[in-house]
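Student: Have a look at this one before I ask anything.
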Amino acid sequence: ASASTLTSASASASAGKDPACGDAAGPRKDGPAKGGLVRPRQTLRFTPSGAVNVVLVACCAFGATLFLVGAPRLAALVLVPLGLYTAAWLLYPMVEPSEGAATAAQIMRRHPWLRQAQLEGCEVFLSLSRNESVAAKEKLLDDGAVDCVLEAAFHFEEDRDILARALAIIGYLSALEDVSRALLEDGFVTLVAGWLESNIKTESVCKHAFVCLTSLFSCPDEHVVSTARKASIEAGLLRLTCAAMDAHPTISRAQQWGCVLLYALASELPDGPTQLVRDGVVDQLARTMHNHESNETLQQVALGVLVHCLTRRHNSSCLEDTVGKLKERQSAVFAAIERARQRFPRNEQVQLASRQIMEDCRPAFAASRKATVTEAEDDGAS
């Protein structure tokens, strides 16, 4: 029911767009960055760094003037702090997007344990990776962006700022098929899951981890994606995604990307559709739909996940058993579905999904309620 939503959301994540209104490694290519130390001819740009340089030159001229006119003390007050600042600036690595990915990669490689160098390098790569051009993304890959951000994430696993940016960059560059395939084959999904678990209270890491994983699962190589998806589900990614969503119940962007990731995982469940109930996915989606009733895209994707376990089309053999496992939570789940149907009457996907679920589950729901009442009566008689 929400296949079009998943396709657009995955494509947006891969292309550098964020339908959730938010902000996401490839084959490692070692070797010198293109261009070496000689930069190609570029047009003149007045950057913040250039403004600082202008101020420094002006202060030097002012200090020299004071010294020449016979005011050495005043000149010292200007030139000494200026000299200290200039020395610190020369020794401390700084890089800006206007200086290019190759320069950022060089600085990050020279200072692998200097946090600020890694953070500023990630900022450069993040700014450039948002470019939708395939050629621009390939240029970043050739300059070593993937290697650099992965090394930064390995060295600063506890630094949420660097980790979130690294995940965002990899998510954007996963639009390249070679990148996503290589990462999936190398088990990168397991690594992201570990980062997600250790930073589950950090909204930015959770959101970018969702985006990154969704983008990876959009790889055109279905065999590689299927293998990685099954391995991640067996490793508990469904439960982990629900736990991360539950840790940030009011953050719409994290909830929406969490729903998109659950949709990507729900299409291939090793233990069948009932696993969505057992791992808490249905309960989490009901809470998410209740907390974000006005988010139409979220409601549509969440219903798309529920269709996988609450309709006979996807769960013909054990629908009654699946509904019965919801137990006392049945009312909350079906109430959330009904509210979405009433709130978005012009959304065809929402209407179709909610109608399928309600029509298929109504008999199972009635049978489950009857069995519950009978069981309660038997307990009372005992």
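Student: Check G100: other-chain or 5+ apart residues with amide H under 5 Å from its amide H, H built from backbone geometry?
Tutor: The answer is none.
Student: Another question, then. For the range 191-233, which whole percent of the accessible surface, found with a 1.4 angstrom probe, sits on carbon and sulfur atoms?
Tutor: 54 percent
Student: If you add up the charges near C219, with Lys and Arg at +1 and Asp and Glu at -1, over every other residue whose beta carbon is less than 13 angstrom from its beta carbon, what do you get?
Tutor: -4
Student: Viscosity 1.567 mPa s, temperature 4 °C: give me the Stokes-Einstein translational D for the range 176-248 in µm²/s, with Rh taken as the Kirkwood radius over C-alpha pairs.
Tutor: 106 µm²/s
Student: So, one more: State the extension gain, in nm to one decimal, for the chain segment bounded by R278 and D246, taking 0.36 nm per residue of separation less the distance between their alpha-carbons.
Tutor: 9.9 nm
Student: Follow-up. What is the spread of the Cα atoms of the range 148-281 along each of their three principal axes, largest first, in whole Å?
Tutor: The principal-axis extents, from largest down, are 40, 35, 21 Å.
Student: Further question: Which whole-Hz ³J(HN,Hα) couplings does the range 228-234 yield from phi under the Karplus relation 6.51 cos²θ - 1.76 cosθ + 1.60, θ = phi - 60°, glycine and proline marked x?
Tutor: Computed from phi, the couplings for the range 228-234 are 5, 5, 4, 5, 5, 5, 5 Hz.
Student: Which entries of K207/K327; K207/K325; K137/K207; K137/K201 show an alpha-carbon separation above 28 angstrom in the structure shown?
Tutor: K207/K327; K207/K325; K137/K201
Student: From the square roots a ≥ b ≥ c of the eigenvalues of the alpha-carbon gyration tensor of the range 289-356, which class results: rounded (a/c under 1.5), prolate (a/b over b/c), or oblate?
Tutor: oblate
Student: May I pose another question? Through the Karplus equation 6.51 cos²θ - 1.76 cosθ + 1.60, θ set to phi - 60°, convert the phi angles of the range 328-338 into ³J(HN,Hα) values in whole Hz; use x for Gly and Pro.
Tutor: Using θ = phi - 60°, the values come out as 6, 8, 4, 4, 5, 5, 6, 5, 5, 5, 5 Hz.
Student: Okay, moving on. Using DSSP to call loops (not H, G, I, E or B), can you name the GluC sites (Glu not before Pro) in the range 300-345 whose Cβ has at most 14 other Cβ atoms within 10 angstrom?
Tutor: Counting only loop positions with at most 14 other Cβ atoms within 10 Å, none of the GluC sites (Glu not before Pro) in the range 300-345 qualifies.
Student: Residue by residue, what Karplus-based ³J(HN,Hα) values in Hz, rounded to whole numbers, does the range 279-292 have, using 6.51, -1.76 and 1.60 with θ = phi - 60° and x for Gly and Pro?
Tutor: 8, x, 5, 4, 4, 5, 5, 5, 5, 5, 5, 6, 6, 10
The values are calculated or read from the model by the stated rules, or taken from the named source; none is laboratory data. Because the structure is predicted, anything quoted here is derived from the model rather than measured. Positions of Cβ are backbone-derived with ideal geometry, glycine not excepted, and every protein chain shown enters the neighbour counts. SASA here: full protein model, heavy atoms, side chains in, ligands and nucleic acids out. Shrake-Rupley method; radii C 1.70, N 1.55, O 1.52, S 1.80 Å.
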